[in-house]
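The next block holds one structure in the form of structure tokens; read it before the comments.
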Amino acid sequence: MKTTLKRFVLTAIFAALSVAVSPTGYAAAEKSRVIEVTGSDAMKFNVSEITAKPGEALGVKLTNIGSLPKAAMSHNWVLLKPMTDAEIAKFATAAMSKAPEYLPEDKSGILAHTKMLGAKETDTIEFKAPTEPGEYPFVCTFPGHYALMKGKLIVK
Ligand code: ZN
């Protein structure tokens, strides 16, 4: 009886401690904030702007909500280092011939990317937002899509 009570008290203390610690605890801080992104047959992302804190743990869950065949209409989500529109165009052009993932030979400009997804497919990635405040473009690299399927991650 005595032992049971002692164990109960200890369990209660541990429970109270873990509740008190969890909001700022390591596990809670490491949990990614997942942003749900969709790509459609109209070559549109539902999200054109994402704001994040420097170094924030992020997730992107990309879903291709279209119904066209994969070879005609696929989407990915590729986060790039800060670059001009001309540099993005050059990057996307280099990716055009690289079926089926459509990522260029030189991947040095890529910070994070999902798989290339056909209709109704989903891919979730986790990554850390850059620690340097700024604007980081994201695009779909399926041939011809980058001009319409684009947005920016704003780190501030
Ligand atoms: Zn696309």
In order over the stretch 149-155: 3J(HN,Hα) from phi, Karplus 6.51/-1.76/1.60, θ = phi - 60°, whole Hz, x for each Gly or Pro, gives 9, 8, x, 9, 9, 9, 9
With the dipole of the stretch 21-132 defined by +1 on each Lys or Arg Cβ and -1 on each Asp or Glu Cβ, the option from I50, L117, A99 whose Cα lies farthest towards the positive pole is L117
Within the under-9-Å Cβ sphere about I125, not counting I125, Lys/Arg +1 and Asp/Glu -1 give a net charge of 0
By the mean-Cβ-within-10 Å protection proxy, highest first, 115-122, 46-53 rank as 115-122, 46-53
Taking the alpha-carbon centre of each part, the distance from the stretch 105-134 to the stretch 30-56 in Å is 10 Å
Diffusion coefficient in µm²/s returned for the stretch 51-105 by Stokes-Einstein, Kirkwood Rh over C-alpha pairs, 10 °C and 1.306 mPa s, is 117 µm²/s
Once Lys and Arg are counted +1 and Asp and Glu -1 for all other residues with Cβ under 15 Å from that of D85, the total becomes +2
Karplus ³J(HN,Hα) for the stretch 68-80 (6.51 cos²θ - 1.76 cosθ + 1.60, θ = phi - 60°; Hz, whole; x = Gly/Pro) runs 6, x, 4, 5, 9, 8, 10, 9, 9, 10, 10, 8, 10
Once the in-chain neighbours fewer than 8 apart are removed, the lysines whose Cα is under 27 Å from K152 read K31, K44, K53, K61, K70, K81, K90, K98, K107, K115, K120, K128
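K115: net charge of surrounding residues, Cβ under 13 Å, Lys/Arg +1, Asp/Glu -1, itself excluded?
Overall, the nearby charge balance is -1.
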Given backbone amide H placed at 1.01 Å from N, residues whose amide H is under 5 Å from that of T38, ignoring those fewer than 5 places away on the same chain, are N46, V47, T63
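Once you have the alpha carbon radius of gyration of the stretch 21-156, what is it after dividing by 2.2 N^0.38 Å, with N set to its residue count?
That ratio works out to 1.06.
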Going residue by residue through the stretch 85-94, the Karplus relation 6.51 cos²θ - 1.76 cosθ + 1.60 with θ = phi - 60° gives ³J(HN,Hα) values, rounded to whole Hz and with x marking Gly or Pro, of 4, 5, 5, 5, 4, 5, 4, 5, 5, 5
Exposure proxy check on H145, H75: fewest-to-most Cβ neighbours within 10 Å is H145, H75
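Where a number appears in this text, it was derived from the coordinates with a stated rule and is not lab data. From a predicted model like this one, the values you see are computed outputs, not experimental measurements. Note that each Cβ is placed from the backbone with ideal geometry, even for glycine, and that neighbours are counted across all protein chains shown.
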